[in-house]
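Asker: Sharing a structure below in structure tokens format, with a few things to ask.
Coordinate-derived values only; no laboratory data. Quick caveat, the model's predicted, so the values are computed rather than measured. In this analysis, Cβ positions are derived from the backbone assuming ideal geometry, glycine residues included, and neighbour counts consider all displayed protein chains.
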Amino acid sequence: MDQIIAQNWAYMLYGVVLSVACAQMLVIYVLSNSSHPPDGLGMYSLYFMAGLLVWVVFTLQQNAGPSVTIDVASIAIIINTYILVLATAVRADSATGKYTLGVICVIASFSGFFLQQRWVITVHTGAIALCFLAIGILSSKRGFHYRNIGDGIISFASLIVIAGLLLAGYQLHGTGNLVAARATTYGTHGTAYALIAIGFLVCVLTEYQDHLTQLATIDKLTQLLNRRGLEDALQVTIASASRHSLAISAIMVDIDHFQQINASFGRNIGDRALVEIAAILDREARGSDVLARVGGEEFFLVLPDTDLNSARTLAERLRLAIGGHPLLLDRQKIPVTVSLGVATAHGQVNLETLMGEAGRAMALAKQDGRNRTASVEHKPVYLSSVNPKV
């Protein structure tokens, strides 16, 4: 095989070193976050490791000289590129076309046994280009859907490979320069390998940051918003209600005698009861309502642009939905009731005040015997600055 010039060797080795560094960073990240591995981690790890083996094969083939008639390194690149297709498909949750591309890659890999060398290079280049086209499309769709710049980097790397392969095709068939075509092909793959490693690292770091943000705003047990998530979700709603003097209502829900459930059936059953009640509340709430778990057995439901009567109607529906029949947990029927407090505010309002009023109403419902709904309404008082005429 013809020797590749020193500049391209340096270029490829730079890509390999950079990729290995990124791979090491990725391993450190995964070890520190093993409880939440990123999608496609296994296939991407296989791709990175196989990519290093490709460069080893390439180096051995360079040293073997012209005695090697089959371009083993090119076949290894085809296989490695198809692994990347599978990894990208896993992350994009798509299986479209992967079997067709697999067949094409197999045919291309065996083309060296029945085609001339010039056409073998063309077939190999075409198979790799098709794979990177698929990779670019899948990564672009996923990056656009999840707003993840890492997928965009992978897509950009695919464009670089396709452009490089087109240039290599021109060098091969347009100018007849086989050495330049091979140099362009391998140099392009070195650059793409480094960019893909960086892109995947950016992907998983972005997803990890999103995961941390979600943990900060989502209750782990019920998957509802927690107090912080509630505050973030209601910033615009409360500001709009205050600006336009709209009514905004809230319902505080407290499970009656919940500690007795834990004591009688165990904390595991108690947790499952919380999950079941959260599901009932979420199912009965309207699409515009905001539901959160704000305490051990307390839930808070905010109803934008809703008056007191409508809020009380919903609260009663919630009470009957939960207390109307016992929860069936581990073949045990566990009767559960709730006390609800309803509060409505008009105009200027903040979450703390609304939650306090709903909590006060809920306390009244408990004092009155539990399994009840109580309500309070806070309205602004307008005082005239002009003394009335007598």
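Asker: Using the crude model of +1 on Lys and Arg Cβ and -1 on Asp and Glu Cβ, and no other charge, please compute the dipole size for the stretch 227-378 relative to its Cα centre, in debye to 20.
Answerer: The calculation lands at about 340 debye.
Asker: In what sequence do Ser245, Ser140 fall when counting other Cβ within 10 Å, fewest first?
Answerer: Ser245, Ser140
Asker: Counting Lys and Arg as +1 and Asp and Glu as -1, what is the net charge of the other residues whose Cβ lies under 10 Å from the Cβ of Ala374?
Answerer: Neighbour charge sum, excluding Ala374 itself: +3.
Asker: Also: For the stretch 369-375, in order, what is each residue's ³J(HN,Hα) by Karplus, 6.51 cos²θ - 1.76 cosθ + 1.60 with θ = phi - 60°, in whole Hz (x at glycine and Pro)?
Answerer: x, 6, 6, 9, 10, 10, 8
Asker: Once a ≥ b ≥ c are taken as the square roots of the eigenvalues of the Cα gyration tensor of the stretch 232-390, is the result rounded (a/c under 1.5), prolate (a/b larger than b/c) or oblate (a/b not larger than b/c)?
Answerer: prolate
Asker: Considering the options Ile248, Thr306, Leu274, tell which one lies farthest towards the positive end of the dipole of the stretch 227-378, charges being +1 on Lys and Arg and -1 on Asp and Glu at the Cβ, about the Cα centre.
Answerer: Leu274
Asker: Just to confirm the filter: which trypsin sites (Lys or Arg not before Pro) across the stretch 185-270 are DSSP coil and have at most 10 other Cβ within 10 angstrom of their Cβ?
Answerer: Lys220
Asker: Residues in the stretch 277-299, backbone N under 14 Å from the label point at Ala233 (7 Å along the Cα-to-beta-carbon vector): list them, ranges by number please.
Answerer: It comes to 278-295, 299, nothing else.
Asker: Then there is this: Would you calculate the separation in nanometres between label points at Arg317 and Val56, each defined as 7 Å from the Cα along the Cα-to-beta-carbon direction?
Answerer: Placing both labels 7 Å along Cα→Cβ, they lie 6.5 nm apart.
Asker: Something else: When a footprinting reagent is the concern and you count Cβ atoms within 10 Å, what order do Met43, Met49, Met362 take, fewest first?
Answerer: Met49, Met43, Met362
Asker: Sticking with the crude label model, points 7 Å out along Cα→Cβ, report the distance from Tyr170 to Asn268 in nm, one decimal please.
Answerer: Going by the 7 Å Cα→Cβ label model, 6.8 nm.
Asker: Treat the count of other C-beta atoms within 10 Å as a stand-in for reagent exposure and order Phe156, Phe265, Phe300 from fewest to most.
Answerer: So the residues, fewest neighbours to most, are Phe265, Phe156, Phe300.
Asker: How would you classify the stretch 106-197 from its alpha-carbon gyration tensor, with a ≥ b ≥ c the square roots of the eigenvalues: rounded for a/c under 1.5, else prolate if a/b is greater than b/c, otherwise oblate?
Answerer: Prolate, since a/c reaches 1.5 and a/b exceeds b/c.
Asker: Once the Cβ-Cβ distance between Arg360 and His211 is put in as r, and R0 is 41 Å, what FRET efficiency do you end up with, to the nearest 0.05?
Answerer: Taking R0 as 41 Å, the efficiency between Arg360 and His211 is 0.65.
Asker: Take Val106 and Gln332, extend 7 Å from each Cα along the Cα→Cβ direction, and tell me the distance between the two endpoints in nm.
Answerer: So the label points at Val106 and Gln332 sit 5.6 nm apart.
Asker: Given H placed 1.01 Å from N in the peptide plane, which residues other than close sequence neighbours of Thr337 have an amide H under 5 Å from its amide H?
Answerer: Sorted by chain and number, the residues that satisfy this are Asp256.
Asker: Provide the packing ranking of 336-344, 74-82, i.e. peptides ordered by the mean count of other C-beta atoms within 10 Å per residue, highest first.
Answerer: 336-344, 74-82
Asker: Going through the stretch 91-188, which trypsin sites (Lys or Arg not before Pro) have at most 14 other Cβ atoms within 10 Å and a DSSP loop state?
Answerer: Filter output for the stretch 91-188: Arg147.
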